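> Mind having a look at this structure? Questions to follow.
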Amino acid sequence: MAEGKPTLNLDSRLQFACHPGLPCFTHCCRDVNIYLTPFDVLRMRKKLGLSSREFLERYTVTLVGEGTGLPVVALKMDEERDKKCPFVTAQGCQIYDERPWACRMFPLDKYSEYEFGLLTDVSRCKGLAEPRELSVEDYLKEQGVLLYEEVEATFKLVSSSPRVLAQKIVNPRIVEMFYMACYDLDRFRRFVFESRFLEIFEIEPEEIARVKEDDLELLQLGFRWLQFGLVIGDALKIRDRVLEEAKKKQKAAGGGEG
Ligand code: SF4
Ligand code: SF4
């Protein structure tokens with residue numbers, strides 16, 4: 001299988017096993033670009049018992065997405081430990097159960113929903129010569145990758161929306177809102193409950209109660225809010241009262257139909 005080309009599909013066979021007995025064990029956890037998804041950030045900081053702000057400051061760097069202009073969060077390698085991942089030890093990954101999506105995928109690269117390739121080869125990743133074979137689909141299941149597709153479906157719709165890609169976001173306020181809703185969830189929760197958010201948007205009381213307690217619910221609300229602002233206006237419903245007030249203001253300012 002050639003490196004860097006989408007030569008695999010979900011049914012393809014993958015020969016691979018990773019374990020501490022291999023001479024390359026943990027070598028792939030050094031000097032590597034690991035982009036974190038919103039669900040990664042949520043899981044990792046919970047595992048570490050940190051607030052979203054503490055986690056982001058301590059363990060990440062923020063970059064600008066090439067196509068979208070939106071913020072992208074990457075894991076900060078430890079410069080003082082030869083650019084190793086901050087979570088790697090000689091025994092392996094300290095946060096293995098909550099490791100990021102990119103680490104779950106390795107050694108696979110994803111090109112589209114059904115197309116994959118290999119990120120490395122057997123000269124560097126000895127696991128590719130281990131006597132265990134399974135389908136790509138079973139590997140993804142085993143690694144817990146499919147849950148991400150469920151949790152981040154709306155996020156994917158927003159970040160890959162032709163509308164977002166076409167305009168390339170440059171407004172710093174939108175960039176900040178995106179960062180808050182996707183990654184800095186403690187701040188987003190304060191925003192939801194301490195700003196006019198709940199006065200403006202019609203959200204069922206049951207959902208409000210869930211969002212108060214559950215970060216995953218809060219994340220979903222954040223995705224819908226971004227979808228509302230960046231992609232389609234009916235992802236969240238604005239209260240009738242708010243719409244009427246806005247119409248009145250517009251009229252008073254000389255706009256509208258009259
Ligand atoms: S290089 Fe491959 S086999 Fe070696 S530790 Fe990394 S994933 Fe496992
Ligand atoms: S998070 Fe874990 S699996 Fe991923 S690079 Fe760091 S130590 Fe390795």
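> Using the Cα centre as the reference, give the magnitude of the dipole from point charges on the C-beta atoms of the stretch 13-151 (Lys, Arg: +1; Asp, Glu: -1; all else neutral), rounded to the nearest 20 debye. Don't skip to the answer; put the middle values down first.
Values: 19 positive and 22 negative charges, 94 e Å.
Rounded to the nearest 20 debye, it is 460 debye.
> Output ³J(HN,Hα) for the stretch 154-168: one whole-Hz value per residue in order, computed from phi by the Karplus curve 6.51 cos²θ - 1.76 cosθ + 1.60 with θ = phi - 60°, and x for Gly and Pro.
Working through the residues one at a time gives 5, 4, 4, 4, 6, 6, 10, 5, x, 5, 5, 5, 5, 8, 6 Hz.
> Right, something else. Hey, what number do you get for the chain at 222 nm if only DSSP H runs of n ≥ 4 count, each worth -39500 (n - 2.57), divided across all residues, to the nearest 500? Before the final figure, lay out the partial values.
Values: 13 runs with 113 residues, N = 258.
About -12000 deg cm²/dmol.
> Could you sort 223-236, 121-134, 240-253 so that the peptide with the highest average Cβ count within 10 Å comes first and the rest follow in order? Could you put the intermediate results ahead of the total?
Values: 223-236: 17.4, 121-134: 14.4, 240-253: 11.2.
Highest to lowest by the protection proxy: 223-236, 121-134, 240-253.
> Another one. Determine the dipole magnitude for the stretch 140-221: charges of +1 sit on the beta-carbon of Lys and Arg, -1 on that of Asp and Glu, nothing else is charged, the reference point is the Cα centre, and the result goes in debye to the nearest 20. All intermediate terms of the calculation are to be shown ahead of the outcome.
Values: 11 positive and 17 negative charges, 115 e Å.
It works out to roughly 560 debye.
> Here is a follow-up. Any number yet on Rg/Rh for the chain, C-alpha, Kirkwood? Don't jump to the answer; show the numbers that get you there.
Values: Rg = 21.5 Å, Rh = 20.6 Å.
Result: Rg/Rh = 1.04.
> For LYS110, LYS46, give the ranking by accessible area with the largest first, probe 1.4 Å. Provide the component values of the computation, followed by the final result.
Working: LYS110 70, LYS46 115 Å².
The residues order as LYS46, LYS110, largest area first.
> Taking a 1.4 Å probe, which of GLU54, GLU150 shows the most accessible area, and what order do the others take after it? Present the calculation step by step, with values, prior to reporting the outcome.
Details: GLU54 85, GLU150 140 Å².
Greatest to least solvent exposure: GLU150, GLU54.
> Mean Kyte-Doolittle hydropathy of 0.0 or higher plus an axial Cα length of 20 Å or more: which whole DSSP H helices in the chain meet both? Before the final figure, lay out the partial values.
Values: long enough: 215-230 (22 Å, 0.51).
Going by DSSP H runs, the hits are 215-230.
> Quote the relative contact order of the chain in percent (integer), defining contacts as alpha-carbon pairs under 8 Å separated by 6+ residues. Can you show the working numbers first?
Working: 325 pairs, mean separation 62.1, N = 258.
About 24 percent, as a whole number.
> With every protein chain in place, what's the accessible area of ASP97 (1.4 Å probe, Å², nearest 10)?
Surface open to solvent at ASP97 totals about 100 Å².
The values are calculated or read from the model by the stated rules, or taken from the named source; none is laboratory data. All of these numbers come straight from a predicted model, not from anything done at the bench. Glycine gets a Cβ as well: all are built from the backbone with ideal geometry, and neighbour counts include every protein chain shown. The area values use the complete protein model at the heavy-atom level, side chains included, leaving out ligands, DNA and RNA. Shrake-Rupley method; radii C 1.70, N 1.55, O 1.52, S 1.80 Å.
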